[in-house]
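Computed from the coordinates by the stated procedures, all read-outs in this text should not be read as laboratory data. All figures in this text were calculated on a predicted structure; none of them were measured in a lab. Note that we place each Cβ from the backbone using ideal geometry, even for glycine, and neighbour counts take in every protein chain shown.
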Amino acid sequence: MSLIEELKRRNVFRVGIAYAVIAWLLLQLADVVLNNIAAPGWVFKAILLVLILGFPLVVFFAWAFELTPEGLKKEKEVDRTQSITHSTGRKLDYAIIGLMALALGYFAWDKFLGGEGAAAPDAAVSGAAAPNAAPVTAETTPAATAAPAAASSPASGHAPATAAPARSIAVLPFTDMSPEGDQEYLSDGIAEELLNLLVQIPDLQVAARTSSFSFKGKEVQIAEIASALHVAHVLEGSVRKSGDRVRITAQLIKADDGYHLWSETFDRTLDDVFAIQDEISAAVVAALKVQLLGAAPKSVEVNPEAYAQYLQGRYFAQRRTRKDWENAVSAFRQALAIDPNYAAAWAGLSQILGAQAGQGYMELHAGNKEARAAALKALELDPNLAEAHAALGLIQLNYDWDWAGAEASLQQALDLAPGNAEILAQMGLLQRYLGNMDTSIELSRRALDLDPLALVGYHQLGLALTWNQQLDAALVIYVRLLTMNPAFTAANLARSRILLVQGKMQEAMAAAEAEAEPFWHAYAVLINLYAQKRTAEADALLPDFIAQNEHDAAYQISQIYGFRGDRDQVFEWLERAYAQRDGGLPEILYDPMMTQFSDDPRWAEVLKKVGLYEAWLKTRK
């Protein structure tokens with residue numbers, strides 16, 4: 001008997017097929033479970049390795065042993081005339097057919113019905129902004145550690161049911177093709193400037209920078225990018241600079257078939273960059289047959305050297321480290337030294353100074369004072385600059401707690417740039433602070449439609465849904481967030497908080513322990529200990545937590561005392577939070593750890609200081 005025939009007789013092939021199908025099913029189950037419990041990536045890899053190593057062992061076992069009526073025996077000990085391998089083979093055939101049917105059923109469900117809205121590992125109640133920091137925006141957190149496998153609808157967390165709008169586009173970061181490879185700021189900047197021109201066109205939906213730039217440096221097909229961003233077209237290109245000459249190549253691609261609707265190469269001097277940008281945007285508008293309401297938007301021409309410094313400032317601003325922000329401030333100041341009337345540079349400087357002050361990288365009051373002056377200068381130079389209104393609105397929102405002023409500034413910015421996802425997100429945050437949850441949810445969803453990979457956008461939407469008591473919808477949003485990035489800061493904290501509300505104490509503590517960011521980990525553990533009435537353990541940890549964070553986390557300390565049930569300490573730390581301009585304090589209106597003390601006379605005094613007393617009265621009606 002040949003080797004192949006003997007392998008067939010001993011059912012080695014059947015066992016191998018059955019093992020492969022079972023292993024595949026186990027991997028699908030592991031993927032779903034591990035994602036929902038936010039397990040580290042190495043756990044799945046370990047399971048995969050075990051299953052791979054198990055295959056040769058199973059095959060060897062099938063070769064060396066045989067199932068008999070008396071049980072399992074070594075094959076060489078079985079009399080061939082008494083062998084029942086044929087009967088065993090038929091049973092294996094039935095098992096394989098059943099397993100294949102199960103596998104195909106799961107594949108069809110996953111592919112066509114979509115099961116992403118099932119269980120939810122997370123929701124947040126409040127207080128997830130960085131301690132004493134301005135609330136994060138759509139640009140704060142990198143999109144995803146890897147490109148998503150499929151597009152998602154921010155409103156539901158499911159795959160979109162409709163095709164991308166015909167007049168929709170994503171502008172990808174242009175590739176730096178310069179000989180020295182040192183013009184990344186220029187290639188990124190030109191792409192971003194094109195995006196900013198296109199976003200001014202009311203009839204065109206433009207994916208936001210956060211999402212479209214998240215694919216930078218990744219080998220992802222155009223069709224996959226378009227699907228993830230829910231757009232019908234993609235604009236990509238390259239920049240090659242040599243001396244004062246620049247070659248810009250751009251091409252507009254129809255995503256569903258890869259067809260090039262338009263492409264062109266421009267060989268000009270740096271002085272002509274603005275004209276090139278206008279030509280590219282005009283070509284995109286013509287190719288997509290967009291109906292313009294008035295004249296097409298045009299680039300604002302400035303000194304080329306100042307423009308180069310401005311692009312460097314924007315480039316460093318997006319990188320979001322302390323050193324990069326220092327470099328951004330330096331670049332914006334150099335641009336303004338060349339051209340003191342450069343309104344966009346003043347607006348960019350204002351936003352970075354405000355961010356530095358909010359994160360504690362410079363003195364809070366001095367930083368916001370300088371940021372305000374820069375924003376007002378930008379508005380003086382160009383009253384129609386959306387970024388300038390947004391910069392002032394951020395100061396009014398995050399530092400002044402001037403809710404009416406912030407709303408007016410952000411609305412003016414939205415009137416000038418209705419497709420700006422970051423401004424939409426900021427307006428959504430403001431409406432949440434004011435208790436206008438339906439409006440906040442709508443604005444957050446609109447921002448995510450434009451910026452579907454902005455992880456912090458999902459977090460902010462989850463908060464608004466949770467505060468609005470739409471817990472199931474909030475959980476779906478957090479499933480999407482943690483699927484995209486299981487290590488998202490404060491996500492496990494948020495998960496722990498919702499589990500506490502649901503009374504699932506053990507699961508809540510497990511989620512708290514899983515929080516990777518040190519501050520939020522310590523905070524989550526403390527509130528869980530107090531919630532479980534393990535007061536002695538929590539009291540032992542609390543002094544050290546306060547010593548480390550008393551100068552920049554007064555609101556979170558107040559929340560901890562809320563869990564402890566210490567009313568006087570709650571209000572003492574709320575006063576400190578007000579003095580520190582703590583970024584968490586505006587969340588007080590709907591924070592259940594705080595509203596439990598609303599019967600205290602001191603409650604109204606705190607709300608009046610924060611400017612939320614009138615909003616609180618509306619919720620009482």
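Summary table
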item	result
Separation in nanometres of the label points that stand 7 Å from Cα toward Cβ, at residue 53 and residue 376	6.8
Computed E for residue 267/residue 61 - FRET, C-beta separation, R0 60 angstrom, nearest 0.05	0.30
Selection from 603, 586, 617 lying farthest towards where the dipole of region 574-621 points positive, charges on Cβ	617
Protection proxy ranking of 223-233, 316-326, 434-444 - average other beta-carbon atoms within 10 Å, highest first	223-233, 434-444, 316-326
Restraint check, 533/608; 216/254; 8/74; 241/289, Cα-Cα greater than 22 Å	533/608; 241/289
Cα gyration tensor, region 323-389 - rounded (a/c under 1.5), prolate or oblate	oblate
Listed peptides 15-27, 303-315, 416-428, 449-461 by packing density, highest first (mean Cβ within 10 Å)	449-461, 416-428, 303-315, 15-27
Amide H within-cut-off set for residue 262, under 5 Å, with H built and near neighbours excluded	252
Other-chain or far-sequence residues with amide H under 5 Å of residue 233's (modelled H)	168, 169, 170, 255
Ranked by how many other beta carbons lie within 10 Å on average, peptides 388-397, 271-280, 46-55 from highest	388-397, 271-280, 46-55
Loop-located trypsin sites (Lys or Arg not before Pro) in region 481-511, at most 14 other Cβ atoms within 10 Å (DSSP)	504
Prolate/oblate/rounded call for region 235-312, Cα gyration tensor, a/c under 1.5 rounded	oblate
Loop sites in region 521-581: GluC sites (Glu not before Pro), DSSP, at most 13 other Cβ within 10 Å	550
Contact order relative to length of region 499-550, as percent, for alpha carbon pairs under 8 angstrom and 6 or more apart	26
Residue 175 long-range amide H proximity, modeled H, under 5 Å	237, 238, 239
Inter-probe distance in nm under a simple model that places probes 7 Å from Cα toward Cβ, at residue 103 and residue 3	2.5
Test item: Cα-centred dipole of region 409-496, Lys/Arg +1 and Asp/Glu -1 on Cβ, debye	260
Top positive-direction residue, dipole computed over region 299-440 with Cβ charges, set 341, 309, 417	309
Under the Karplus curve 6.51 cos²θ - 1.76 cosθ + 1.60, θ = phi - 60°, whole-Hz ³J(HN,Hα) for region 278-283, x wherever Gly or Pro sits	5, 5, 5, 5, 5, 5
Simple Cβ-charge dipole of region 477-621, Lys/Arg +1 and Asp/Glu -1, about Cα centre, in debye nearest 20	640
At most 11 other Cβ within 10 Å, DSSP loop - GluC sites (Glu not before Pro), region 176-210	180
